[in-house]
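Some notes on the structure that comes next.
The values are calculated or read from the model by the stated rules, or taken from the named source; none is laboratory data. Note that the coordinates shown come from a computational prediction; the quantities given were computed from them, not determined experimentally. Counting neighbours? That spans all protein chains shown, and the Cβs are built from the backbone with ideal geometry, glycine included. In case anyone asks, the SASA skips ligands and DNA or RNA and just uses the protein heavy atoms, side chains included. Shrake-Rupley method; radii C 1.70, N 1.55, O 1.52, S 1.80 Å.
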Amino acid sequence: MNLPALLLHPHQHFLKGLLRTPVWFFHSSAHLLSGIPCAQPFKSLGLHCAKWMLLSNGLRRKLCVQATLKDHMEGLSDKEQRFVDKLYTGLIQGQRACLAEAITLVESTHSRKKELAQVLLQKVLIYHREQEQLNGGKPLAFRVGLSGPPGAGKSTFIEYFGKMLTERGHRLSVLAVDPSSCTSGGSLLGDKTRMTELSRDMNAYIRPSPTRGTLGGVTRTTNEAILLCEGGGYDIILIETVGVGQSEFAVADMVDMFVLLLPPAGGDELQGIKRGIIEMADLVAITKSDGDLIVPARRIQAEYVSALKLLRKRSEAWRPKVIRISARSGEGITEMWDKMKEFRDLMLASGELTAKRRKQQKVWMWSLIQENVLEHFRTHPTVQEQIPLLERKVLSGALSPGLAADLLLKAFKSKD
């Protein structure tokens, strides 16, 4: 359901209230799925931006959004414009320090820094689109998501795999996601310490980031970090998720290929992830296939080959494969890269890769809308005023949580 359709919903006053505040979302001015997304606050849309068009099949409303880079730059001071220009220039020239600072800016939750980040992203996106056009419309980078349970050897694999890629002339960016503590909110960010050789490679960039409570195994700004890395000239982007379980596969909506790494001796612990995450995998790699674990690795490989045959086919061009690898001996790593290149070429030739990226643009846009709408709701003065009272009533048993939520929403709409 699009935004104009939502305005016709009984909760239209709720959405109108949201439109008065600067909530960021992404769109493309020409075509939502084929263009490069750009950022625009809800408040600049206004209800007047929805124009009515009379078509043969009835009356439809089309959301008219026109955001230009000039509009974003007008609200910045000279110092802020110089700062954004410095980051942008250094980024597209391949300066790692500027890339690191740009990702830090994007990850910031400070309201003003968010606005600067959107200006920077818009400049990078325009540059990214121009480079893709020069490349014949083909993607500039190959995005790969790496996921698996804790202890599967994801970081060890990336160390060996990344060195192999850089030796072959590729520029590699690794976005490693670490879980944040539920009590302190902190994160170890220790993945980089396990990639000592790769972290010293000038053709590789490793960026650990905390989840900060974001579910799905990735961070809130992983999509933005991917685009910044591509703008910096990295042609292979690896996203290493946190140790995941059955349903934490949000990275599949951000990458071209989703690779699942599984240890060979997990036993019954692997049963919980056979459904859900395994359905999203394009390639399953059984890790640590060396020494005494070769026999268990072969057994697990056979089990997953059988399991994948029972799953519904998601692509006409590609059938998920199961392979065995060892980051210690190097067995299967070259073959794995060959499979990944085969996947990329087949998906690109069939047009499925382009369609997949367009769908991911839409998922990205709506995830940002949901995130910012919820944040606006939580920080609204009326909501903050009513929450303590309703919480006390819920704790005393006078109100059910569902009724309290309804009352809070009604109070919010009545004030807007």
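Assorted remarks:
- Condition met for ALA307 (in contact (Cβ under 8 Å) with a residue 12 or more places away in the chain, under 27 Å from ALA265 (Cβ atoms) and open to solvent by less than 60 Å² (accessible area, probe 1.4 Å)): yes
- Qualifying positions in the range 93-125 - open to solvent by 50 Å² or more (accessible area, probe 1.4 Å) and either of a type in the set (Val, Ile, Thr) or at positive phi (or both): THR104, THR109
- Residues of the range 273-304 that turn out to be over 16 Å from GLY153 (Cβ atoms), part of a loop (DSSP other than H, G, I, E, B) and either open to solvent by 20 Å² or more (accessible area, probe 1.4 Å) or modelled with pLDDT of 90 or more (or both), as a count: 3
- Scanning the range 305-327 for residues that are among the hydroxyl-bearing types (Ser, Thr, Tyr) and within 27 Å of the chain's Cα centre (by Cα) yields one hit, SER315.
- Inter-residue pairs, beta-carbon under 6 Å, first polar (S, T, N, Q) and in the range 93-111, second open to solvent by 70 Å² or more (accessible area, probe 1.4 Å) and part of a helix (DSSP H, G or I), 6+ apart: none
- Residue match in the range 151-170 (condition: in contact with a Cys (Cβ under 9 Å, 6 or more places away or on another chain) and open to solvent by less than 60 Å² (accessible area, probe 1.4 Å)): no
- Residue that is farthest from the chain's Cα centre (by Cα), among those in the range 333-386 that are within 30 Å of ARG319 (Cα to Cα) and among the hydroxyl-bearing types (Ser, Thr, Tyr): THR334
- Residue selected from the range 217-272 under the condition open to solvent by 20 Å² or more (accessible area, probe 1.4 Å) and in a helix (DSSP H, G or I), by the criterion modelled with the highest pLDDT: ASN223
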